[in-house]
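Heads up, the thing below is written out as structure tokens.
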Amino acid sequence: MSEEKGKKRSKSWYVQHAKRSKNARELDVGMQGVLITCNMKERKCSFEAYSLLNEYGDQLYGPEKFIQDENQSESDDEEDDAEAALKKEVSEIRSSTENNLRRFQALDSGANNVIFIRTLGVEPEKLVHHILKDLHTTKKKKSRVILRMLPVAGTCKAFIDDMKKFAKCFLEPWFKAPNKGTFQIVYKARNNNHMKREDVIKSLAEVIGSLNHENKVDLNNPEYTVIVEIIKNVCCMSVVRDYVLFRKYNLQEVVKNASESKPVQLLHAHSEDLTNSSEKEKHEGQNNQEQEKIEVLDNTGQEVCGDSGQVCGDSGSQEHGTATTEKNSTDLKQSS
């Protein structure tokens, strides 16, 4: 026995132990939470995410209640016993991970510039919708680093068969008869090469159609938006409302006014106005030139050409003037 206890553990044991501890701190199957994207500065993004989620989480669900260890309610008689106290301390250490679980816990998402915050006792879709609705109404900017905040109502393995099986049960509350509605599917994959966008969208659309044939696709303003986010081999899925109204759940865009959110269209309209004004000036210039070319009458009642300023008579008057000139020249020769 002493030789077995003193025997060194193999390298594979340490590798497996490290994997177990790492898996407990990263995105995995069977979790709920919120996916948050940012442009670098992940630490500051986590701080802003905690601040927002705790603020609005307290509004919806009240102050957070921490989990207490049941062993703390043991009698004083057991605490007096040294052996019982030792066992209690060991059990507290073993259950410390469970006791430290919070309402919001940041985990490794498996992708850069993406943070996953696991939720406990919270409906992610309801919470995120409440946040965006308040920001859209008040137009008050409460974050500087966070870009998009997407709820994750469920996760599964990122394979077509697993996703279809998961979607049949997951999508029933929204699309199974008698429930129905218009929908669109938004797909994004990170650090994953074996999934194809067209295959995923087609498979999920078939599942929604099989739940109720009255479900229709609407890419402009759908009633429901099915969000599919794949990171490595984990698929995150959720169904949200007001995806277009809330600017694709972008916290930076949802607080902007209508004039600020469409600068490209305003610039385009300004360029059209400039083009129209230049065309109008060009057209007026052509009209002025045409008016100059129009023949007008001089003070004597004769027509004057607009370009040359010469008198414009008919062919008969020109012939009469020529004949008179020739006659005068002949008379002068005879007198001389």
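The values are calculated or read from the model by the stated rules, or taken from the named source; none is laboratory data. None of these values were measured; they are calculated from a predicted model. Reconstructed Cβ throughout: ideal geometry from the backbone, glycine too, with neighbour counts over all protein chains shown. These accessible areas exclude ligands, DNA and RNA; they are computed on the full protein's heavy atoms, side chains included. Shrake-Rupley method; radii C 1.70, N 1.55, O 1.52, S 1.80 Å.
If you plug each phi of region 41-57 into the Karplus form 6.51 cos²θ - 1.76 cosθ + 1.60 with θ = phi - 60°, what whole-Hz ³J(HN,Hα) values come out, in order, with x for Gly and Pro?
Here the 3J(HN,Hα) series is 6, 5, 5, 5, 4, 4, 4, 5, 5, 4, 4, 5, 5, 5, 4, 7, x Hz.
Would you pull out the residues with amide H under 5 Å of Asn192's amide H, same chain only if 5 or more places away, H placed 1.01 Å from N?
Correct list: Lys232.
Quick check on my link table: of Lys139/Lys180; Lys126/Lys180; Lys140/Lys180; Lys176/Lys232; Lys142/Lys216; Lys133/Lys157, which ones sit more than 25 Å apart, alpha carbon to alpha carbon? Walk me through the numbers on the way to the answer.
Working: Lys139/Lys180 32 Å; Lys126/Lys180 20 Å; Lys140/Lys180 34 Å; Lys176/Lys232 30 Å; Lys142/Lys216 36 Å; Lys133/Lys157 31 Å.
Violating the 25 Å Cα-Cα cut-off are Lys139/Lys180; Lys140/Lys180; Lys176/Lys232; Lys142/Lys216; Lys133/Lys157.
Please work out how much accessible surface Arg118 shows to a 1.4 Å probe, ignoring ligands, DNA and RNA, in Å² rounded to 10.
The accessible area comes out at roughly 50 Å².
Net charge around Gly154, counting only other residues with Cβ within less than 13 Å of its Cβ (Lys, Arg = +1; Asp, Glu = -1)? Let's see the in-between values first.
Numbers: positive: Arg118, Lys157, Lys165, Lys168; negative: Asp28, Glu123, Glu125, Asp162, Glu172, Glu229.
That sum, taken over residues with Cβ under 13 Å, equals -2.
Report the accessible area of Leu219, computed with a 1.4 Å probe over the heavy atoms of all protein chains in place, in Å² rounded to the nearest 10.
Only protein atoms counted, so the area is about 130 Å².
What residues qualify as long-range amide H neighbours of Tyr224, i.e. H under 5 Å apart, gap of 5 or more or another chain, H built at 1.01 Å from N?
Amide H neighbours of Tyr224: Thr182, Phe183, Gln184.
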